[in-house]
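Undergrad: Before we start, here is the structure in question, set down as structure tokens.
The values are calculated or read from the model by the stated rules, or taken from the named source; none is laboratory data. Only a predicted model underlies this, so the values are computations on that prediction, with no experimental measurement involved. All Cβ positions, even for glycine, are placed from backbone atoms using ideal geometry, and neighbour counts span all protein chains on display. We work out accessible area using only protein heavy atoms, side chains counted, and drop any ligands, DNA or RNA first. Shrake-Rupley method; radii C 1.70, N 1.55, O 1.52, S 1.80 Å.
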Amino acid sequence: MDSLYLPHCMTIKEVIEETPDVKTFRLAFGDDKVKEQFDFRAGQFGLYSVFGEGEAPFCISNSPTRKEYIECSIKRVGRVTNAFHELNVGDTVGFRGPYGNSFPLEEMHGKNLIFAGGGIGLAPLRSLIWNCIDTRKKFRDITIVYGARSTADLVYKRELSEWVKMKRLNTVLTVDPGGEDETWEGEIGFVPTVLEQVGPSPKNAVVITCGPPIMIKFVLVSLQRMGFTPEQVITTLEMKMKCGLGKCGRCNIGSAYVCKHGPVFSYEQLQKLPAEY
Amino acid sequence: MEAKLLQREKLSQLVDALLEDHEVVAPTSDLAYGQIRSGAELHLSDNKPTQSLKGFFFPPREVLFESRRTEDGLELVPSSSSDAPRVIVAARPCDVASLPVLDKLFGWDYQDSSYFQRRQRTTIISLACDPPPKDCFCVSLGGSPAGIEGSDLLLTPLRDAYHVLIITERGKALVEKYAQFFEESDEQHNQERARLEDEWRAQVTKEIDADRLREALDFDSGAWEMLAQQCVDCAICTFLCPTCHCFDIQDEGDNAHAIRLRLWDSCARQDFTEMAVHQPRPNHFSRYRQRLMHKFKYYPENFGRVLCVGCGRCIQYCPAGVDITKALERAVEQR
Amino acid sequence: MKEITKKIRKEARKLLKDGRADLVIGYEQGSDEEVATPCFITDVSQVDRLVFDEHCYHNLAKYLVGQEGYLTSRFVAQEKRPRVAIVATPATMRSIVGLIQEHQFARDKLIILGILDGTLVGIEPDVVVGQIEEDQEKSARIQAQVREIEEMTASERWAWWEEQFSRCIRCYACRQVCPFCYCEQCISDENQPQWIGKSSSPENNRTWNIIRALHLVGRCTDCGECDRVCPVDIPLSLLAVKMAGEVEEAFDYKAGADVDAKPALHSFRPDDPDDFIR
């Protein structure tokens, strides 16, 4: 009997320590055929599990254009995430997906893209960023504003350096005041402030933002000041999930299920939903 | 619809015959439906079982798969569930009416195979409520003490015998296979059945206006806090409710040998939406609001059906005496 | 009963009018005459909703404590919490005794409109609003059942309780109605580690029910609510009565009998009967 809840068994091929409490896991399918057939869109998520401990939702943070491994970045905060952090290369984890909707890539074609990310919030954006870099001609200007509490808390540090060097992108990195170390050469300031300093134009633009709720709140304020409308701003939400496919009743915001109608939402959509997230 | 008659004493004999090549589920006491081994175990009473039928399609505890460490790595052994034919006898019409409502959720894009396998292998013989219990409000939700939705056969107790309404092809096949127990019914019997149903419907006094609720229930109303005062988050309503379906997925065991389970859960629980970093429903009233709005606004918006069949168990068993029909009325009046 | 209703309304009216209470917790008629439901009156104009009759058995002490209790809410600063008057049956009062002993709130934070029935209550109500009959038949019945189980052998007893717990659906209603289950994080909700498995397996059910019983030893005042509400008819009152008997025998202590007493299992005495502890 096929089960919706039966995961693939994935082998951990690499563990990258991004920050003191965030690790990225590169997972490989056991079966090459399954690997070939597996496809997804940027913004979708999976349910990842440590057998015997439990399952939790994380975005698929590699791009669909780079499918050698399934990558997820996990911050250690609770039972399942702690269990992940105890694992090593060669260990087996569960993965099922892809679930949820995805970033509206086609609607973003021909537009200027502005990414505003904070902390671990860069993980879902990263899938889309690489997707856009790999299909660069489809988009106009791409601006990335990313920051974290401190230099140590920046994730994907290797890739951030790559993006800074790429001429096809305008990448601005920042840390919160007081979070810089001696080697820091980027900006110092909160993401919303730096975003306003960079001052992208709202004309023909889409903003994709993800980060801690407080950052998002102020990013929205800044964007409004800069003349962006709610339909132009897209985000991806996090909720406690168990089934990931619309049955367990846990992740709803009003009538919208984050696992089915989301996790990607525009601000115009969110304004119509109850403030319960 | 075609109809037959079943003499009262023949019901138990029919059950014994069904047992020869079916599993049979029926009320075993005032507490619950259960699998029975003889017609004598069938428990008929004025009270409907405290627990609904939902556990026979969506079990309170279901093993999804087993994970085992082997020399080569990790092996996953999925569970299988039985496909033996099964008959539910003397089901309450409200308990049966919940199944088409739940079908929508369990079949939404992803087919929940174990749920539908159980639906497939089950024939349902309902028994009309004579009389309907006092807390019921099935009628205003499109149901009835002699409702037929979801059933294959409906037994209605007439003065002398059971009127047997044949509702589906499957019901017809059962009547044909066990023809020796059934007799012909005539127009008089049909009329008696209809008259009795009207009487019982009139005895259902509680009601709700589902259309109005769907339109008028307001998340931002200040009334929720006051409405939720008596509720202690005991979750009995959600467990006994034939349509509540929220569940949890848990692992039990360790990384050498574990099982992954699906188990009943409740939005009334404090930890239902609680994440390590954020809790969208920290207050008790926000959980109370979620339960009522999910049932009467969100589920209808997504699936076109109210997530309630009016069985009244939530009213009957609420420790604090909360009456959902009154609470809903106040929720829309006091926005 | 009608007299008690009148007295309650009179006292509530006075308290709210004089400003000595912000909130009166009592009972009102539910959806029909056979149902009463807890009610929360904050205005003099609402006082005539209050009733007292044979359907008023809920333990209202529950609403005083816990994360959102009127006297202990973590969402409300202490100085903003309401001054509460509570209509209290003997069972409710005995729970209040225990809650005060456990420092959940001080005696002067509560105005007790007490109803007595001749049984021992370890606290003075502020006003006695009436007398009712003790349900001696029910107490006798429960005592008799406890004796029956005590007559069983250990393995018979285990098997009997296993059968009761096998019906448990883990709704936690027993915990939710209990005034003494006010822990911010119940042990059953703890997942690091998962002390008690969440699923309703016989093993998990037995663990949950036994741990809950043990967490209540010496505290439970046998209000009977857990037994009343259990949707699968697990006779939890038997555990409460049995435990109370054990505590009385071992420590000469009765929960709910004296608000100034030190709870037996929360305090150490040099003359403790158990010598392992000396």
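Undergrad: Select from the range B:220-229 the residues that are part of a loop (DSSP other than H, G, I, E, B) and open to solvent by 20 Å² or more (accessible area, probe 1.4 Å) and write down the one among them that is farthest from the other protein chains (Cβ to nearest Cβ).
TA: Ranking the candidates gives B:222 first.
Undergrad: If you don't mind, there's one more thing I want to ask. I need the full set of residues from the range B:34-68 which are among the charged types (D, E, K, R) and in contact (Cβ under 8 Å) with a residue 24 or more places away in the chain, in order please.
TA: Listed by number, the residues that qualify are B:46, B:48, B:54, B:61, B:62, B:66, B:68.
Undergrad: Restricting to the range A:31-46, give me the number of residues that are touching a strand residue (DSSP E or B) at 6+ places or on another chain (Cβ under 6 Å), hydrophobic (A, V, I, L, M, F, W, C) and surrounded by fewer than 23 Cβ atoms within 10 Å (Cβ to Cβ).
TA: Count: 1.
Undergrad: Is there any pair with a first residue in the range B:98-117 that is under 21 Å from residue B:63 (Cα atoms) and within 7 Å of chain A (Cβ to nearest Cβ) and a second that is assigned to a helix (DSSP H, G or I) and of a type in the set (Ser, Thr, Tyr) whose Cβ atoms are under 6 Å apart and which are 6 or more apart or on different chains, and what are they?
TA: B:106/B:115
Undergrad: Pick out, from the range B:14-131, the strands (runs of 3 or more DSSP E) lying fully within it that include 2 or more residues that are open to solvent by less than 30 Å² (accessible area, probe 1.4 Å) and in contact with a strand residue (DSSP E or B) (Cβ under 8 Å, 6 or more places away or on another chain).
TA: It comes to B:23-27, B:33-36, B:61-70, B:86-91, B:122-127.
Undergrad: Ok, one more. Inspect all residues belonging to the range C:234-248 and state whether any of them is part of a loop (DSSP other than H, G, I, E, B), modelled with pLDDT of 95 or more and touching a helix residue (DSSP H, G or I) at 6+ places or on another chain (Cβ under 7 Å).
TA: Yes: one or more hits.
Undergrad: Among (1) free of Cβ contacts under 8 Å to residues at least 24 places away in the same chain; (2) within 14 Å of chain A (Cβ to nearest Cβ); (3) farther than 30 Å from residue B:176 by Cα, there is one condition residue B:30 misses while meeting the rest; what is its number?
TA: (2)
Undergrad: Quick check on the range C:102-110. Is at least one of its residues closer than 23 Å to residue C:265 by Cβ, over 21 Å from the mean Cα position of the chain (by Cα), basic (Lys, Arg) and surrounded by fewer than 20 Cβ atoms within 10 Å (Cβ to Cβ)?
TA: no
Undergrad: Which residue pairs have Cβ atoms under 6 Å apart, sit 6 or more places apart or on different chains, and have a first residue in the range B:259-275 that is more than 7 Å from every other protein chain (Cβ to nearest Cβ) and within 14 Å of residue C:169 (Cβ to Cβ) and a second that is acidic (Asp, Glu) and outside any loop (DSSP other than H, G, I, E, B)?
TA: Matching pairs, first to second residue: B:265/B:248.
Undergrad: Would it be correct to say that residue A:54 is of a type outside the set (A, V, I, L, M), open to solvent by less than 30 Å² (accessible area, probe 1.4 Å) and more than 20 Å from the chain's Cα centre (by Cα)?
TA: yes
Undergrad: Looking only at the range A:57-64, decide whether some residue is over 23 Å from residue A:264 (Cβ atoms) and either at the interface with chain B (Cβ under 9 Å from one of its Cβ atoms) or in contact with a Leu (Cβ under 6 Å, 6 or more places away or on another chain) (or both).
TA: No: zero hits.
Undergrad: Residue by residue through the range C:3-58, note down the ones that are within 23 Å of residue B:322 (Cα to Cα), assigned to a helix (DSSP H, G or I) and without any contact (Cβ under 8 Å) to a residue 12 or more places away in the chain.
TA: Once the filter is applied, which keeps residues that are within 23 Å of residue B:322 (Cα to Cα), assigned to a helix (DSSP H, G or I) and without any contact (Cβ under 8 Å) to a residue 12 or more places away in the chain, the range C:3-58 yields C:45, C:46.
Undergrad: Taking the residues in the range A:1-20 that are open to solvent by less than 40 Å² (accessible area, probe 1.4 Å) and under 22 Å from the mean Cα position of the chain (by Cα) as candidates, determine which candidate is farthest from residue B:78 (Cα to Cα).
TA: Filtering the range A:1-20 for residues that are open to solvent by less than 40 Å² (accessible area, probe 1.4 Å) and under 22 Å from the mean Cα position of the chain (by Cα), the one farthest from residue B:78 (Cα to Cα) comes out as A:19.
Undergrad: Would you check which residues across the range C:143-176 are under 21 Å from residue C:245 (Cα atoms) and touching a Phe, Trp or Tyr at 6+ places or on another chain (Cβ under 8 Å) and list them?
TA: Result: C:149, C:152.
Undergrad: Okay, moving on. Can you confirm whether residue C:120 is in contact (Cβ under 8 Å) with a residue 24 or more places away in the chain, open to solvent by less than 60 Å² (accessible area, probe 1.4 Å) and farther than 30 Å from residue B:253 by Cα?
TA: Spelling it out, it is not the case that residue C:120 is in contact (Cβ under 8 Å) with a residue 24 or more places away in the chain, open to solvent by less than 60 Å² (accessible area, probe 1.4 Å) and farther than 30 Å from residue B:253 by Cα.
Undergrad: Here's another thing I want to ask about it. Do you know which residues across the range A:73-94 are more than 16 Å from residue A:10 (Cα to Cα) and facing chain B (nearest Cβ under 8 Å)?
TA: Passing the criteria: A:77, A:78, A:81.
Undergrad: Are there helices (runs of 4 or more DSSP H) fully within the range B:230-335 with at least 1 residues that are surrounded by fewer than 20 Cβ atoms within 10 Å (Cβ to Cβ) and of a type in the set (Asp, Glu)? List them.
TA: Per the criteria, B:299-303, B:324-333.
Undergrad: So residue B:147 fits all but one of (1) in contact (Cβ under 8 Å) with a residue 60 or more places away in the chain; (2) open to solvent by less than 30 Å² (accessible area, probe 1.4 Å); (3) farther than 26 Å from residue A:248 by Cβ; what number is the exception?
TA: Just one mismatch for residue B:147, condition (1).
Undergrad: I've got another one for you. Does the range C:101-108 contain any residue that is within 14 Å of chain B (Cβ to nearest Cβ) and in contact (Cβ under 8 Å) with a residue 12 or more places away in the chain?
TA: no
Undergrad: Here is a list: A:51, A:103, A:95. Which entry is under 30 Å from residue A:203 (Cβ atoms) and at pLDDT 95 or above?
TA: Among A:51, A:103, A:95, only A:103 is under 30 Å from residue A:203 (Cβ atoms) and at pLDDT 95 or above.
Undergrad: Only one residue in C:244, C:261, C:250 is under 14 Å from the mean Cα position of the chain (by Cα) and away from chain B (no Cβ under 14 Å), so which one is that?
TA: Step by step, each of C:244, C:261, C:250 is checked, and only C:244 is under 14 Å from the mean Cα position of the chain (by Cα) and away from chain B (no Cβ under 14 Å).
Undergrad: Looking at the range C:199-208, can you tell me whether even one residue there is open to solvent by less than 50 Å² (accessible area, probe 1.4 Å), under 22 Å from residue C:104 (Cα atoms) and part of a helix (DSSP H, G or I)?
TA: The answer is no; no qualifying residue exists.
Undergrad: Over 28 Å from residue B:314 (Cβ atoms), within 14 Å of another protein chain (Cβ to nearest Cβ) and not in a strand (DSSP E or B) - does that describe any residue in the range C:77-93?
TA: The answer is yes, given that some residue of the range C:77-93 is over 28 Å from residue B:314 (Cβ atoms), within 14 Å of another protein chain (Cβ to nearest Cβ) and not in a strand (DSSP E or B).
Undergrad: To continue, here is another question. For residue C:147, state whether it is among the basic types (Lys, Arg) and either open to solvent by less than 60 Å² (accessible area, probe 1.4 Å) or assigned to a loop (DSSP other than H, G, I, E, B) (or both).
TA: No; evaluated as a whole, the condition is false for this residue.
Undergrad: Hey, another quick one. Scan (1) in contact with a helix residue (DSSP H, G or I) (Cβ under 8 Å, 6 or more places away or on another chain); (2) surrounded by fewer than 18 Cβ atoms within 10 Å (Cβ to Cβ); (3) part of a loop (DSSP other than H, G, I, E, B) for the single condition residue C:70 breaks and write down its number.
TA: Unmet for residue C:70, out of (1) in contact with a helix residue (DSSP H, G or I) (Cβ under 8 Å, 6 or more places away or on another chain); (2) surrounded by fewer than 18 Cβ atoms within 10 Å (Cβ to Cβ); (3) part of a loop (DSSP other than H, G, I, E, B): (2).
Undergrad: Filter the range B:199-211 down to residues that are open to solvent by 100 Å² or more (accessible area, probe 1.4 Å) and more than 14 Å from chain C (Cβ to nearest Cβ), then give me how many there are.
TA: 1
Undergrad: Consider residue A:102 carefully, then state whether it is exposed (fewer than 15 other Cβ atoms within 10 Å of the Cβ) and polar (S, T, N, Q).
TA: no
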